[in-house]
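**Q** If you scroll down you'll find the structure; I have some questions about it.
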């Protein structure tokens, strides 16, 4: 299975002419080697690790270059490139989330990405006959919540304190301190600002302004 995964990695290596909003890989070989080694870690046991082993997941992600703050929670998440992931303190990513991070993904402090959401930094340029792959970074601001099964398109910025409703398709930037939902995602109403978060967001009580 690992060998099959490595062959898929070879096939999915970005086209040489791809426009990537991320630091360039120093070499194709180094990139493929890192992807292969990460697949060896993520494939065999990662999906079945219980939530209580989140610190072990975080330790492995840090070994592969992820920048993760203190007291974060990482569920059984599919992460393509740990070195393109940054999480602020007290942030959480739920089970079944996929972070397709060919470009960097930054999740701000005290933010939550709920189960089965898909953060997609890459897509194909359909205006060209060879459908070249390109990618753009995704930023989730602090104190934000992306609810279950949401899709976040390449290049999107979710503002501080914003809430994205379940199953939403986000193709435009989300303003700070708003509640947004739908396909396409649109602003529903303003969200009251949070003055202080007392504990981690997955079990928190908040002091509101």
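The values are calculated or read from the model by the stated rules, or taken from the named source; none is laboratory data. None of these values were measured; they are calculated from a predicted model. No Cβ is skipped: glycine too gets one built from the backbone with ideal geometry, and neighbour counts run over all protein chains shown.
**Q** When residue 153 is evaluated against the numbered criteria (1) without any contact (Cβ under 8 Å) to a residue 24 or more places away in the chain; (2) surrounded by fewer than 23 Cβ atoms within 10 Å (Cβ to Cβ); (3) closer than 24 Å to residue 189 by Cα; (4) touching a strand residue (DSSP E or B) at 6+ places or on another chain (Cβ under 7 Å), which criterion, by number, is the only one it fails?
**A** Failing condition for residue 153: (1).
This table checks each residue for (1) closer than 21 Å to residue 35 by Cβ; (2) touching a residue at least 40 places away in the same chain (Cβ under 8 Å).
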| site | (1), (2) |
| --- | --- |
| 108 | no, yes |
| 113 | no, no |
| 125 | no, no |
| 136 | yes, yes |
| 145 | no, yes |
| 148 | no, yes |
| 176 | no, no |
| 180 | no, no |
| 187 | no, no |
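**Q** Right, here's the next one. Just checking, which of 182, 141, 203 is modelled with pLDDT of 95 or more and under 24 Å from residue 73 (Cα atoms)?
**A** After ruling out the rest, the residue left standing is 141.
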